[in-house]
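Working notes for the structure below.
Each reported figure results from applying straightforward, stated rules to the coordinates on display, with no laboratory input. Values in this document were obtained by computation on a predicted structure and should not be read as measured data. Glycine also receives a Cβ, built like all others from the backbone with ideal geometry; neighbour counts cover every protein chain displayed.
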Amino acid sequence: MSRQIALLRGINVGGHNRFPKATQLELAQALGFQDVSVLLQTGNIVFADPGTPPAETARMVHNRIAADLGLTVPVVVRTRDELAAAIAANPFPQATPEPKSLHVTFLSAVPADTSRLHALDAAAFAPDRFRLTGRELYLWCPNGIGRSKLADAVSRAPLGVTATTRNWNTVTKLLALADA
């Protein structure tokens, strides 16, 4: 059975956009999704593929959250195979032994304009590195993302698409959950 993964941005962070794990599960089930699992409280919902394109699934989840909870929550959806491909495409395999240092930003679409992102002077942010590959932006911060000036600069480069970031631990756990 194929699966989809809904990645919600900005929930349960610093007490904002409260959306408990149990409520995430209930909302997904109310949408008719089957075989639903929620990883962590930060908006990672795995479910049987409902037969809709991922972008349509994202709109359905977004609209239901707005209607039921009054929250505006950006949502990006990937299929199980798209998530597996993103893991396989990791341009920083040397970072996987320290999975908290590696992050993937999932984008709703390939950005039309990446000029501001590519204008960043990568050498000025060493040892941190990033690479945009299609609809994924990989960010490797060997000294941690919390102190990374590159992470801040990348987040300020407008890409004109919905984006949400997960660390490598979460990304690989989501694939394992989708394969379970």
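Put a dot 7 Å past the Cα of ALA22, heading toward its Cβ, do the same for THR133, and the two dots end up 4.0 nm apart.
Which FRET efficiency, nearest 0.05, do ASP121 and VAL161 yield, Cβ-Cβ r, R0 25 Å? Efficiency, rounded to the nearest 0.05: 0.60. Evaluated with a Cβ-only charge set (Lys, Arg +1; Asp, Glu -1), the chain carries a dipole of roughly 380 debye about its Cα centre, given to the nearest 20.
3J(HN,Hα) along region 64-78: 5, 4, 4, 5, 7, 10, x, 9, 9, 10, x, 10, 10, 10, 10 Hz, from the Karplus curve 6.51 cos²θ - 1.76 cosθ + 1.60 with θ = phi - 60°, whole Hz, x for Gly and Pro.
When the Gaussian network model of the chain links Cα atoms closer than 10 Å, the mean-square fluctuations of LEU102, LEU120, LEU159 top out at LEU120. Suppose R0 equals 30 Å. What FRET efficiency, 1/(1 + (r/R0)^6) with r the Cβ-Cβ distance, do ALA112 and SER37 give to the nearest 0.05? Once the sixth-power term is evaluated, E becomes 0.35.
Run the numbers for ARG147 and LEU69: contour at 0.36 nm per residue of separation, minus the present Cα-Cα distance, in nm. Once the chain is fully extended between ARG147 and LEU69, it gains 24.8 nm. Straight-line cross-link partners of LYS100 among the aspartates and glutamates, defined as a Cα under 16 Å from its Cα and at least 8 positions apart when in the same chain: ASP128.
Applying the Karplus relation 6.51 cos²θ - 1.76 cosθ + 1.60 with θ = phi - 60° to region 31-44 yields 3J(HN,Hα) values of 6, x, 5, 10, 6, 8, 10, 10, 9, 6, 9, 8, x, 10 Hz, where x marks Gly and Pro.
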